[in-house]
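The values are calculated or read from the model by the stated rules, or taken from the named source; none is laboratory data. Given the structure is predicted, the values throughout are model-derived calculations rather than measurements. Counting neighbours? That spans all protein chains shown, and the Cβs are built from the backbone with ideal geometry, glycine included. Just the protein is used for accessible areas: all its heavy atoms, side chains included, with ligands, DNA and RNA removed. Shrake-Rupley method; radii C 1.70, N 1.55, O 1.52, S 1.80 Å.
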Amino acid sequence: MYYPEPISKLIDSFTKLPGIGPKTAVRLAFFVLNMKDDDVLDFAKSLVNAKRELTHCSTCGHITDQDPCAICQDTSRDGSIICVVQDPKDVIAMEKMKEFNGKYHVLHGAISPMDGIGPEDINVPDLISRLKDEEVEELVLATNPNIEGEATAMYISRLVKPSGIKTSRIAHGLPVGGDLEYADEVTLSKALEGRRDL
Amino acid sequence: MNIEQLQLKNYRNYEMLDISFNDRLNVIIGENAQGKTNLMEAIYVLAFSKSHRTPREKELVQWEREYAKIEGRITKRNQTIPLEVMLSAKGKKAKLNRVEQRKLSNYIGALNVVMFAPEHLSLVKGPPQTRRRFIDMELGQIQPTYIYHLGQYQKVLKQRNHLLKQLQRRQIQDKTMLAVLTDQLIQHASLLLERRFVFLDLLRQWTTPVHHSISHGTERLEIRYAPTIEVSESANKEKIESMYTTKFHELQKKEIERGTTLIGPHRDDMTFYVNRKNVQTYGSQGQQRTVALSVKLAEIDLIQSEVGEYPVLLLDDVLSELDDQRQSHLLDTIKGKVQTFVSTTNINGIHHETLREAQLFRVENGTVDT
Ligand SMILES: Nc1ncnc2c1ncn2[C@@H]1O[C@H](COP(=O)(O)OP(=O)(O)OP(=O)(O)O)[C@@H](O)[C@H]1O
Ligand SMILES: [Mg+2]
Ligand SMILES: [Zn+2]
């Protein structure tokens with residue numbers, strides 16, 4: 001079907017988003033045409049700003065508009081315990097439930113030899129240097145409860161074992177094979193209570 | 001349990017089909033290449049969400065079509081349960097009671113099926129994967145969580161093999177990750193092996209008497225499981241784990257040299273002995289067939305004893321492959337209790353009284369006449 005170029009470009013952009021197929025993209029594009037000018041402008045600005053102003057915290061790897069991020073800067077938080085997660089969305093899920101008062105470390109992935117992802121390809125080296133520089137007593141390994149997440153937790157645990165830092169794993173109550181970001185807050189806080197030593 | 005109704009849409013050479021079945025014997029008659037096996041296969045896919053003939057799901061969708069759909073209504077413990085499997089380029093969906101099941105292990109087991117086709121006659125003489133697949137499928141349908149663990153095992157195995165390749169090519173040096181994946185593999189391997197041992201025990205229990213009877217009491221069947229570690233079948237999971245740990249330790253250098261995992265349930269085998277002789281090596285073709293048939297017949301009772309209901313039996317083109325004596329042994333066993341589907345090009349080849357209560361279906365070029 002033929003669309004004027006500005007619309008077909010917009011449709012193309014929408015199809016780049018996850019979960020949006022060609023039909024939905026067309027629907028969204030035409031919806032935008034009927035939106036108020038101001039709303040469209042705000043929308044476009046938010047898109048650009050989110051991308052331009054957000055970076056990764058140089059300490060923990062979480063997404064932030066200031067470096068170090070607000071969590072790393074917060075002195076009321078317990079710096080002796082670090083929760084290691086795979087994704088910034090996991091930090092947000094943990095923060096929502098307001099049970100954890102330590103700090104975080106975001107790996108941005110999990111070790112997966114078949115995808116050519118080794119420990120250096122995710123944020124593991126940074127974690128190790130943090131353990132040297134900061135006074136950390138415990139790592140809570142909250143990687144995803146699937147094969148790769150589990151292996152990543154086991155790997156980190158082996159790596160820090162000689163240093164005497166305690167490691168524990170949260171896995172109870174989380175849907176097996178599911179992603180942390182889908183866990184509701186109740187299961188997450190149960191999971192945190194039931195963390196086990198590795 | 002039995003299948004009351006089956007509906008197909010764009011499945012192989014069936015564009016549209018809606019049929020109801022007899023709860024005893026259903027005989028599917030047709031010339032070659034008309035769709036008999038396709039119909040049997042559809043029932044199999046409804047049970048396992050995968051085909052017995054091909055791992056490529058795309059082949060099941062009618063040429064030039066986007067998707068294929070199989071719907072069935074089964075009865076089990078006096079309840080009617082709708083099942084649905086939908087296959088498309090986007091993947092497959094399986095619905096139980098109209099609710100989509102995201103985990104296969106929650107779907108499989110709703111409908112139990114035992115399929116016997118000419119290729120199953122090679123259970124004894126075929127390559128080891130034929131026998132591993134047999135164990136996995138049969139164990140999986142009486143214990144669906146087994147399928148979940150098997151899937152986990154295969155994922156770890158794949159990761160581990162990739163890592164071993166990288167170590168072999170010296171792309172990485174550090175062996176910490178290998179140790180992690182070895183531990184992970186051992187956990188899943190031990191669980192699979194422990195469950196296979198239990199299954200083997202059941203299989204022997206049900207197969208030996210059937211075999212004894214088909215061979216007129218002249219032959220004694222023995223089924224042995226050959227794992228890649230030396231461990232007794234009565235060992236518990238911890239014992240199995242420690243055996244794997246020792247063996248993996250011994251093999252580490254060799255595994256890196258070869259760049260692949262050398263032991264584990266994916267390399268195990270099962271061997272059949274008749275009167276103390278290995279049937280695979282020494283057995284006559286007839287003896288090999290008798291063993292294959294005994295195992296299949298035993299499965300029917302094994303499932304009944306474990307699940308509490310008889311499975312549905314699919315006999316694709318296989319009756320004509322058996323001599324009269326084995327034929328009647330089979331048909332006597334199922335008589336009056338197991339819903340059975342028999343396909344054949346020629347009904348004259350089947351002599352048995354059960355034929356009298358059978359319903360006939362004539363298949364021609366993707367259509368069925370009753
Ligand atoms: N994806 C598909 N789309 C359309 N037709 C298909 C598809 N796959 C297979 N067929 C057709 O289905 C037919 C084979 O059917 P089937 O294997 O059920 O035969 P059969 O009746 O069991 O024959 P035989 O007696 O030789 O075993 C062939 O004609 C084949 O071309
Ligand atoms: Mg056929
Ligand atoms: Zn930070």
Please build a GNM for chain B, connecting alpha carbons under 10 Å apart, and tell me which residue among B:Val85, B:Val312, B:Val231 fluctuates the most. B:Val231
Cross-link table B:Lys9/B:Lys90; B:Lys69/B:Lys337; A:Lys161/B:Lys175; B:Lys125/B:Lys337; A:Lys16/A:Lys98; A:Lys23/B:Lys69, entries beyond 27 Å C-alpha to C-alpha: B:Lys69/B:Lys337; B:Lys125/B:Lys337; A:Lys16/A:Lys98
With every protein chain left in place, what is the accessible area of B:His120 in Å² (1.4 Å probe, nearest 10)? 50
Restricting everything to alpha-carbon atoms, can you work out Rg to Rh for chain B with a Kirkwood hydrodynamic radius? 1.00
At 1.4 Å probe size, what's the solvent-accessible area of A:His108? Round to the nearest 10 Å². 70
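Rounded to a whole number, what is D in µm²/s for the protein assembly as shown from Stokes-Einstein with the Kirkwood radius over alpha-carbon pairs (20 °C, 1.002 mPa s)?
On the way: Rh = 27.7 Å.
Result for D is 77 µm²/s.
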Which log10 I(q)/I(0) values does segment B:17-136 give at q = 0.10, 0.19, 0.20 Å⁻¹ under the Debye formula, counting every alpha carbon as one identical point scatterer? -0.35, -1.25, -1.34
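Hey, can you rank B:296-308, A:69-81 by average C-beta count inside 10 Å, highest first?
Values: B:296-308: 19.6, A:69-81: 13.9.
Ranking, from highest mean packing down: B:296-308, A:69-81.
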What is the helix-to-structure angle for B:324-334, meaning the angle in degrees between its Cα long axis and the longest Cα principal axis of chain B, kept from 0 to 90 and rounded to the nearest 10? 90
Mind jotting down the distance between the C-alpha centroids of segment B:1-35 and segment A:36-105, whole Å? 57
What distance in nm lies between label points placed 7 Å from Cα along the C-beta direction at B:Thr370 and B:Thr245? 6.0
Could you give the distance between the Cα centres of segment B:151-203 and segment B:339-370, to the whole Å? 46
Quick P(r) readout (segment B:129-306; Cα-Cα; 5 Å bins; whole %) gives 1, 8, 16, 18, 16, 13, 11, 8, 5, 3, 1, 0, 0
Report the normalised scattering of segment A:75-169 as log10 I(q)/I(0) at q = 0.13, 0.18, 0.22 Å⁻¹, calculated by the Debye formula with identical scatterers on the alpha carbons. -0.41, -0.79, -1.17
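Taking a quarter of the surface of the convex hull around the Cα atoms of segment A:1-125, what do you get in nm²? Don't skip to the answer; put the middle values down first.
Details: hull surface 45.9 nm².
Computed as one quarter of the Cα hull surface, the answer is 11.5 nm².
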Per-residue mean of C-beta atoms belonging to partner chains within 10 Å, peptide B:97-104: 1
What percent antiparallel are the DSSP beta bridges of chain B, to the nearest 5? 70
Rg and Dmax of segment A:5-53, Cα atoms, in Å? 11.3, 32
For a quick check of understanding: with a 1.4 angstrom probe and all protein chains in place, what accessible area in square angstrom does B:Ile81 have, to the nearest ten? 20
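Treat every Asp and Glu Cβ in chain A as -1 and every Lys and Arg Cβ as +1, leave all other atoms uncharged, and give the resulting dipole magnitude about the Cα centre to the nearest 20 debye. List each step's numbers first, then the result.
Details: 22 positive and 32 negative charges, 70 e Å.
My answer is approximately 340 debye.
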Over chain B, with a Gaussian network built from C-alpha contacts below 10 Å, which listed residue (B:Gln141, B:Gln154, B:Gln34) shows the highest mean-square fluctuation? B:Gln154
Mind putting a number on the dipole of segment B:4-63 about its Cα centre? Charges go on the C-beta only, +1 for Lys and Arg and -1 for Asp and Glu, and I need it in Debye to the nearest 20. 240
I need the Debye-formula profile for segment B:254-353: one equal scatterer per C-alpha, no solvent, reported as log10 I(q)/I(0) at q = 0.11, 0.13 1/Å, two decimals. -0.50, -0.64
Which residue, chosen from B:Val274, B:Val338, B:Gln304, occupies the Cα position most advanced towards the positive end of the dipole of the protein assembly as shown, where the dipole is computed from +1 (Lys, Arg) and -1 (Asp, Glu) charges on Cβ about the Cα centre? B:Val274
Go through B:Tyr44, B:Tyr310 and list them by solvent-accessible area, largest first, probe radius 1.4 Å. B:Tyr310, B:Tyr44
Lys, Arg +1 and Asp, Glu -1 on Cβ, resulting dipole of segment B:19-124 about Cα centre, debye, nearest 20: 500
Max mean-square fluctuation residue, GNM over chain A, Cα-Cα springs under 10 Å, options A:Thr55, A:Thr24, A:Thr152: A:Thr24
Counting only DSSP beta bridges fully inside chain A, the antiparallel percentage to nearest 5 is 30
